[in-house]
Ligand code: 4YA
Ligand code: UDP
Ligand code: MN
C-alpha cells in the first residue's frame with residue numbers, strides 16, 4: 001500500500017528541518033564535508049607536523065609536572081645547559097629524524113662483567129637487544145675474567161659481540177677503576193676503525209625502555225638520579241685538594257654518574273686517558289678518590305663540558321625518590337646485595 005501524501009510531505013518537512021538544524025549547528029562540519037578544497041584543509045596535518053605537535057605536548061606536560069611538584073628551578077630539569085648543550089628528556093626530540101641522521105653509524109657498548117658481576121651480563125645483553133639502538137649497527141665489548149661462562153645472547157643480525165678477557169682485581173674499587181685503563185687501550189686501538197660512537201655502561205643494569213641515537217654526541221654524560229634535584233654544594237665530588245679528582249666548592253654544574261656515559265672514540269680516548277692518569281697519580285700518593293673513577297669522570301667533565309647531557313631517564317633506580325619527575329625509566333639499576341656481590345670470598349669460591 002502506498003503511503004498517503006500527507007505522510008510523505010510530513011516526512012519531507014521533518015527531514016528538511018533536520019538538515020537545516022545540522023547546518024546551523026555544525027556549519028564547519030558541512031563545509032569540510034562538501035568543500036572541494038578538502039585535501040588542503042589546514043587541520044589535516046603532515047606526519048612531521050604531527051611529530052612536532054607531540055613533542056610540544058610532551059614538553060608542556062613535563063613542565064606542568066615540574067610545576068605541580070613544586071621543585072623550583074633546578075638546572076637538571078631544564079632542556080638546555082648554560083653552555084647550550086641539550087639535556088635529553090622524553091618528548092624533546094624527533095626519533096625518526098635522528099634515526100635517519102645516524103643511520104650509517106656503528107655504536108659500541110662497553111661493559112665489564114668481572115667475578116660475581118657475571119650474573120648481571122645475561123639480563124643486561126638481553127635487555128640491550130630489546131631496547132638499545134634497535135635497527136642500528138651495534139658492537140658489544142664485553143670484558144670478563146670468566147670468558148667460558150658467558151652465555152651468548154640471541155642477537156639481531158646487525159649486532160656483534162666482542163668478548164675479551166680482563167684481570168680480576170681483588171678490590172671492587174679496582175675492578176671498577178680498571179675500566180678506564182682498558183678504555184684507553186681500546187679507543188687508541190681497534191675502535192678507531194670499528195666504531196663511531198662508544199657508550200660505557202655498568203653491567204648491574206637493564207634497559208627498560210627505548211635508548212637510541214638521541215644519546216649520541218661527541219661527549220655525553222648522564223645526570224646522577226640521586227642528585228638531579230640537589231644543589232652543586234651538596235654534590236659528592238672529591239673535595240680533598242690532594243686528590244687529582246679535586247673539584248673546589250663553587251665549581252661544577254651537575255653530578256654525573258659513571259654508570260652511563262659515552263662519546264666519539266677520540267673523545268672517549270681523551271676522557272679515559274685523563275681519568276686513568278688521575279687514578280694513577282692518586283695511587284702514587286696512596287689515596288683513592290671518594291667515588292673512584294666516577295670522581296675523576298666528574299672532574300674531567302666539569303672542565304670539559306659535555307656536548308650533550310642525559311636526564312635521569314637514562315639511569316634510574318626504583319628505590320629513589322621523585323620518580324614522578326622522570327616519566328620514562330630507560331635504564332634501571334638491578335637491586336643487588338652489595339656485600340654479597342663485592343666480597344672477596346668469591347675469589348676462593350671460584351678460583
Ligand atoms: C649506586 O647513589 C648503587 O650502588 C646504589 O645501589 C643505587 O643503585 C644508586 O647507585 C642509584 O654519591 C643523595 C641521595 C643519593 C642516593 C643515591 C646514591 C650512589 O651515589 C654515589 C655518589 C655513587 O654514584 C654510587 O655509585 C651510587 O650508588
Ligand atoms: N664490576 C665488576 N665486577 C666487580 C665490581 C664491579 O664487573 O666485582 C663492574 C661492573 O660493570 C659494575 C661496575 O664495575 O656494574 C661498577 O660497580 P658497581 O655496579 O658495583 O657500582 P655501583 O653502581 O653500585 O656504585
Ligand atoms: Mn652499578
**OP:** Please give the per residue volume of the convex hull enclosing the alpha carbon atoms of the stretch 142-255, rounded to a whole number of Å³.
**Re:** 175 Å³
Subject >> R0 of 45 Å, Cβ-Cβ distance residue 266-residue 231: FRET efficiency to nearest 0.05 >> reply: 0.85
**OP:** Provide Rg and Dmax in Å for the stretch 140-207, with only Cα atoms included in the calculation.
**Re:** 13.0, 37
**OP:** Quote the Stokes-Einstein diffusion coefficient, in whole µm² s⁻¹, for the chain, based on the Kirkwood radius over alpha carbon pairs, a temperature of 37 °C and a viscosity of 0.692 mPa s.
**Re:** 141 µm²/s
Original post:
Taking Cα atoms, how many degrees apart are the long axis of helix 5-25 and the longest axis of the chain, rounded to 10 and kept between 0 and 90?
Top reply: 40 degrees
Original post:
How far is it, in nm, from the label point at residue 343 to the one at residue 242 when both lie 7 Å from their Cα along the line to the Cβ?
Top reply: 3.2 nm
Original post:
Reported to two decimal places, what Rg/Rh ratio describes the stretch 264-351 when computed on Cα atoms with Rh from the Kirkwood expression?
Top reply: 1.05
Original post:
Which distance in nm do the two modelled labels at residue 173 and residue 101 give, with both placed 7 Å along the Cα-to-Cβ direction?
Top reply: 4.1 nm
Original post:
So how far apart, in nm, are the two label points at residue 283 and residue 320 if each is 7 Å from Cα heading toward Cβ?
Top reply: 3.0 nm
Original post:
What's the Cα-based Rg to Rh of the stretch 74-123, Rh via Kirkwood?
Top reply: 1.15
**OP:** Rank-order 231-243, 324-336 by packing density, defined as the average count of other C-beta atoms within 10 Å over each peptide's residues, highest first.
**Re:** 324-336, 231-243
**OP:** Working from Cα positions, state the angle (0 to 90°, nearest 10) between the long axis of helix 265-284 and the longest principal axis of the chain.
**Re:** 40 degrees
Original post:
Kirkwood Rh over Cα pairs of the stretch 205-351 into Stokes-Einstein at 4 °C, 1.567 mPa s: D in µm²/s?
Top reply: 78 µm²/s
Original post:
For the stretch 66-218, what size does the Cα cloud have along each of its three principal axes, sorted from largest down, in whole Å?
Top reply: 51, 36, 29
**OP:** With the Cα gyration tensor of the stretch 229-277 in hand, convert its eigenvalues to equivalent ellipsoid semi-axes via √(5λ) and list them largest first in whole Å.
**Re:** 22, 15, 8
Original post:
Can you give the translational diffusion coefficient of the stretch 230-313 in µm²/s, computed by Stokes-Einstein from the Kirkwood radius over Cα pairs at 25 °C and 0.890 mPa s?
Top reply: 187 µm²/s
Original post:
Normalized C-alpha radius of gyration of the stretch 41-112, against 2.2 N^0.38 Å?
Top reply: 1.45
Original post:
In degrees, nearest 10, range 0 to 90: what is the angle between the Cα axis of helix 172-188 and the longest Cα principal axis of the chain?
Top reply: 80 degrees
Subject >> Residues 130, 178, 73, sorted so that the one with the fewest Cβ neighbours within 10 Å comes first >> reply: 73, 130, 178
**OP:** Please compute P(r) over all alpha-carbon pairs of the stretch 292-337, binned at 10 Å starting from zero, and give each bin as a whole-number percent.
**Re:** 22, 38, 37, 3
Subject >> Whole-angstrom Cα spans of the stretch 61-153 along principal axes, big to small >> reply: 51, 33, 25
Original post:
Given 0.36 nm per residue, what is the gain on full extension from residue 13 to residue 304 after removing their alpha carbon distance, in nm?
Top reply: 96.8 nm
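Each value in this text was obtained by applying a stated rule to the coordinates, not by laboratory testing. Bear in mind that the values here come from a model prediction, so they are computed numbers and not experimental data. As a convention, Cβ positions derive from the backbone with ideal geometry for all residues, glycine included, and neighbour counts pool all protein chains shown.
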